[in-house]
Amino acid sequence: MDRPWVRGRPATVRGLVEDLNRERPLAHTTVMTATDTLHGKGALRREKQRRARLHESTRSRKSHTAAPMQDTLDSSTDRSGALARFVEQVAPEEQEALRPALRAPTSGPSQSTTGRGDQKSNRVVQLIPRAVSLSRTRCTRYRDEEGLMAHATHPAADAGRHGHGHGHEDGHGHGHGQDHEHDHDHPPAHPKRWLLLTLLCLSQFMLIVDVTVINVALPGIGADLELSRATLTWAVTAYTLCFGGLMLLGGRLADAFGARRLLLTGLAVFTLASLATGLAENAGALIGGRLAQGVGAALLSPAALATITRTFHGPERNKALGVWAMLGGIGFAVGAMLGGVLTAGPGWSWVFFINVPAGAALLATLPRLLPATPAPGDRRIDLPGAALVTAATGALIYGLIKAGDAGWASAATLLPLASAVLLYAAFALVERRTAAPLMDLRILAKRPVAAGSFLMLVATGLLLGFVFLGSLYLQNVRGLSALSTGALLLPVAVATAVGAHLAAHLIAHAGTRLVAATGLLVSGTGSVVLAVSDSTAGTVVGLAVGAVGVVPVFVSATTTALGFISHDEAGIASGVVNTFHEVGGTVGVATVSTVAAAGIAAHTSAGFRGAYTALAVAAAVAAVTALVVIPRGRPEMPAGVHVH
């Protein structure tokens with residue numbers, strides 16, 4: 001990292017201090033006070049007024065480090081002597097660390113070419129690394145007590161606390177404070193960190209693949225187990241329901257009990273659940289196995305991402321998180337094709353069995369590579385909140401699926417939907433009153449986060465809706481084999497890769513509002529093609545066009561949610577967006593399954609046209625909404641928090 005303080009220029013000092021403020025306000029207070037005194041009391045007075053407005057609650061505590069220094073400097077005209085008296089007022093262990101820096105001779109060009117004021121500035125600058133290090137623990141404690149540090153439960157949130165690279169703690173990504181950690185703050189580099197990254201990415205890849213791998217296998221599963229449309233829909237949504245509903249809880253558990261422990265536990269649960277699902281001989285065993293897979297995924301994914309952000313630092317972290325970020329689009333596409341190959345070959349059970357040898361190999365290898373778990377953090381777990389939000393989403397999905405059989409006006413549909421509303425309200429009430437909430441709901445009141453979450457919900461619903469309907473249509477209506485269906489989904493995979501490649505460049509030049517709205521309109525156009533076409537070629541073209549449009553919406557959602565808010569809030573915002581990512585897919589599949597219920601049950605195209613039309617309308621409405629709710633301007637993306 002380029003260390004600007006070696007150049008000995010006060011202007012550079014101020015730039016460094018502003019950077020430090022993003023992650024270490026208390027250390028910033030210590031250093032900024034000294035710097036402002038050297039630059040004039042007018043600047044000091046303005047800085048004090050600003051800090052009083054932003055951190056009134058923190059100032060009231062009269063922090064142990066900052067207050068003595070500020071009081072001494074305010075009352076002193078001898079600035080060099082003031083610094084010395086400050087050292088005398090702090091704790092004994094801090095005196096020994098700070099005195100050498102205060103006495104050290106100045107170095108660099110200022111020693112020979114600048115005046116006495118710059119020499120004093122250099123002495124202050126030499127205090128910066130030590131002041132930051134000494135203040136780290138106290139700073140964290142005060143910020144936690146006052147609630148100034150964003151509380152994020154998803155691993156992505158952790159990136160928000162440790163520097164950023166996503167992104168989604170790495171909190172997905174995007175934390176705040178773009179990785180301004182100093183070299184001496186980093187632990188020694190893990191000697192096998194790239195091998196560890198490969199294995200962690202393989203673990204995450206399994207989780208993403210399982211979202212779509214089952215879609216092509218659905219006709220075979222339904223025929224062998226004699227499952228209804230509703231049960232087939234649950235086979236898809238049960239996994240994403242638990243994955244998304246419990247993801248924030250998984251992040252909290254990783255913080256409380258250690259990422260290493262949660263990662264291995266989640267991997268074991270997911271592997272055993274995959275075995276049980278592949279052995280299922282009835283609907284209950286199939287749905288139960290999928291639910292258990294979702295639980296394992298919710299424990300594994302946040303812990304894996306947290307491990308990456310703690311293992312890699314600086315530019316290496318950005319590279320590692322970039323690899324992690326690519327898994328989402330690749331996994332969705334590969335899952336659909338892999339499902340066709342496995343179903344046509346050894347059978348649909350291997351859609352789940354394939355996870356068993358991979359999971360076993362990872363369980364045998366990862367314990368020897370995973371770094372030691374840091375000291376456990378706050379062990380207050382919001383179990384009621386996790387239960388309520390998952391139950392609420394489950395009731396919503398049940399009502400949506402039931403509407404396909406009983407109708408929208410029936411009691412069997414309305415009661416679950418009403419229960420979902422009440423459960424969501426209870427969740428909001430619990431989150432406001434609990435001491436350690438699963439989610440700080442105030443983050444959703446921020447326009448960028450609300451807009452990004454909305455875009456993520458719609459985008460995931462559109463993409464999984466396309467894959468779900470396309471797989472059933474090509475096999476049940478067009479009469480294609482699972483292998484042919486998987487092969488025909490290759491253009492969709494290519495379109496996904498193209499959309500992902502173009503998204504970042506388009507956003508950099510056109511901004512998120514235009515890119516999101518355009519992407520939704522393109523996706524809606526693909527839906528229209530699917531609605532009016534009754535051929536295999538038309539279906540493949542429509543799916544490809546829809547995929548090209550929806551992928552930039554994913555990128556816009558993440559960029560909007562994390563690029564327009566303060567750095568302290570990026571962690572929790574990343575966790576929220578990740579949750580909407582999974583929930584959106586669940587709601588999307590349940591909705592299109594209900595709209596196309598007649599065609600799915602009768603193996604005709606009748607219901608599919610209505611379902612594709614519904615997706616087109618949803619995309620058009622979302623495009624208009626995006627132009628209204630997405631803030632103007634160019635987002636500033638922090639490095640380190642990522643959304644899969």
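The values are calculated or read from the model by the stated rules, or taken from the named source; none is laboratory data. Please read these numbers as outputs of a predicted model, since none were measured by experiment. As a convention, Cβ positions derive from the backbone with ideal geometry for all residues, glycine included, and neighbour counts pool all protein chains shown. Side chains included, ligands, DNA and RNA excluded: accessible areas come from the protein's heavy atoms. Shrake-Rupley method; radii C 1.70, N 1.55, O 1.52, S 1.80 Å.
Whether any residue in the stretch 526-536 is among the aliphatic types (A, V, I, L, M), open to solvent by 60 Å² or more (accessible area, probe 1.4 Å) and within 28 Å of Leu338 (Cβ to Cβ) is what I want to check. So that I can check it myself, show each step before the final result.
Residues of the stretch 526-536 that are among the aliphatic types (A, V, I, L, M), as a first pass: 528-532.
Adding the requirement that they be open to solvent by 60 Å² or more (accessible area, probe 1.4 Å) leaves 528, 532.
Now drop any that are not within 28 Å of Leu338 (Cβ to Cβ), which leaves none.
Taking every residue of the stretch 526-536 in turn, none turns out to be among the aliphatic types (A, V, I, L, M), open to solvent by 60 Å² or more (accessible area, probe 1.4 Å) and within 28 Å of Leu338 (Cβ to Cβ).
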Checklist outcome for this item: Of the residues in the stretch 441-453, those that are assigned to a helix (DSSP H, G or I) and more than 16 Å from Thr393 (Cα to Cα) come to Leu441, Arg442, Ile443, Leu444, Ala445, Arg447, Pro448, Val449, Ala450, Ala451, Gly452
Checklist entry - On the given criteria, is Phe554 crowded, with 24+ Cβ neighbours inside 10 Å and aromatic (Phe, Trp, Tyr)? => result yes
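For the structure I just gave you, tell me whether Ala285 is surrounded by fewer than 21 Cβ atoms within 10 Å (Cβ to Cβ) and either assigned to a loop (DSSP other than H, G, I, E, B) or among the aliphatic types (A, V, I, L, M) (or both). Give the derivation first.
Values: surrounded by fewer than 21 Cβ atoms within 10 Å (Cβ to Cβ): yes; either assigned to a loop (DSSP other than H, G, I, E, B) or among the aliphatic types (A, V, I, L, M) (or both): yes.
The answer is yes for Ala285.
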Next on the checklist: Can you say whether Gly328 is at pLDDT below 90, surrounded by fewer than 24 Cβ atoms within 10 Å (Cβ to Cβ) and in contact with a His (Cβ under 6 Å, 6 or more places away or on another chain), as far as the supplied structure shows?
Outcome noted: yes
Checklist outcome for this item: Expected output for the stretch 260-274 (first residue under 19 Å from Leu197 (Cα atoms) and of a type in the set (Val, Ile, Thr), partner at pLDDT below 95 and crowded, with 18+ Cβ neighbours inside 10 Å, Cβ below 7 Å, 6+ apart or cross-chain) is Thr265/Leu299
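Quick check, is Ala336 small (Gly, Ala, Ser), farther than 23 Å from Leu196 by Cα, under 24 Å from the mean Cα position of the chain (by Cα) and in a helix (DSSP H, G or I)? Step through it out loud before you land on a result.
Numbers: small (Gly, Ala, Ser): yes; farther than 23 Å from Leu196 by Cα: yes; under 24 Å from the mean Cα position of the chain (by Cα): yes; in a helix (DSSP H, G or I): yes.
Spelling it out, Ala336 is indeed small (Gly, Ala, Ser), farther than 23 Å from Leu196 by Cα, under 24 Å from the mean Cα position of the chain (by Cα) and in a helix (DSSP H, G or I).
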Checklist entry - Which one of the conditions (1) within 22 Å of Ser349 (Cβ to Cβ); (2) buried (at least 23 other Cβ atoms within 10 Å of the Cβ) does Asp255 fail to meet, given that it meets all the rest? => result (1)
Item to check | Failed item in (1) under 20 Å from Ala573 (Cα atoms); (2) open to solvent by 40 Å² or more (accessible area, probe 1.4 Å), with His501 passing the rest | outcome: (1)
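Out of the residues in the stretch 418-449 that are aliphatic (A, V, I, L, M) and open to solvent by less than 40 Å² (accessible area, probe 1.4 Å), which is nearest to Gly549 (Cα to Cα)? Please lay out each step first, then the result.
Looking only at the stretch 418-449, we keep the residues that are aliphatic (A, V, I, L, M), and these are 418, 420-423, 425-426, 428-430, 435-436, 438-439, 441, 443-445, 449.
With the extra rule that they be open to solvent by less than 40 Å² (accessible area, probe 1.4 Å), the set shrinks to 420, 426, 428, 436, 438-439, 443, 449.
On the way: Ala420: 31, Ala426: 36, Ala428: 34, Ala436: 39, Leu438: 33, Met439: 31, Ile443: 28, Val449: 21 Å.
Of everything passing the filter in the stretch 418-449, Val449 is nearest to Gly549 (Cα to Cα).
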Next on the checklist: Can you list residue pairs whose Cβ atoms sit under 6 Å apart, with the first residue in the stretch 482-502 being closer than 15 Å to Thr212 by Cα and the second being open to solvent by 60 Å² or more (accessible area, probe 1.4 Å)? Count only pairs 6 or more apart in sequence or on different chains.
Outcome noted: Gly486/Val341
Checklist outcome for this item: Reported set for the stretch 288-309 where residues are touching a His at 6+ places or on another chain (Cβ under 8 Å) and either small (Gly, Ala, Ser) or not in a helix (DSSP H, G or I) (or both) is Ser301
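Of the residues Leu267, Leu272, which is assigned to a helix (DSSP H, G or I) and open to solvent by 10 Å² or more (accessible area, probe 1.4 Å)?
Among Leu267, Leu272, only Leu272 is assigned to a helix (DSSP H, G or I) and open to solvent by 10 Å² or more (accessible area, probe 1.4 Å).
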Checklist entry - Would you pick out the residues in the stretch 504-521 that are open to solvent by less than 50 Å² (accessible area, probe 1.4 Å) and modelled with pLDDT of 90 or more? => result Val515, Ala516, Ala517, Gly519, Leu520
Checklist entry - Do the conditions hold for Gly486, that is, is it under 24 Å from Val624 (Cα atoms), open to solvent by less than 40 Å² (accessible area, probe 1.4 Å), in a helix (DSSP H, G or I) and not aliphatic (A, V, I, L, M)? => result no
Item to check | Members of the stretch 213-228 that are part of a helix (DSSP H, G or I), open to solvent by 20 Å² or more (accessible area, probe 1.4 Å) and either closer than 21 Å to Ala403 by Cβ or aliphatic (A, V, I, L, M) (or both) | outcome: Ala223, Leu225
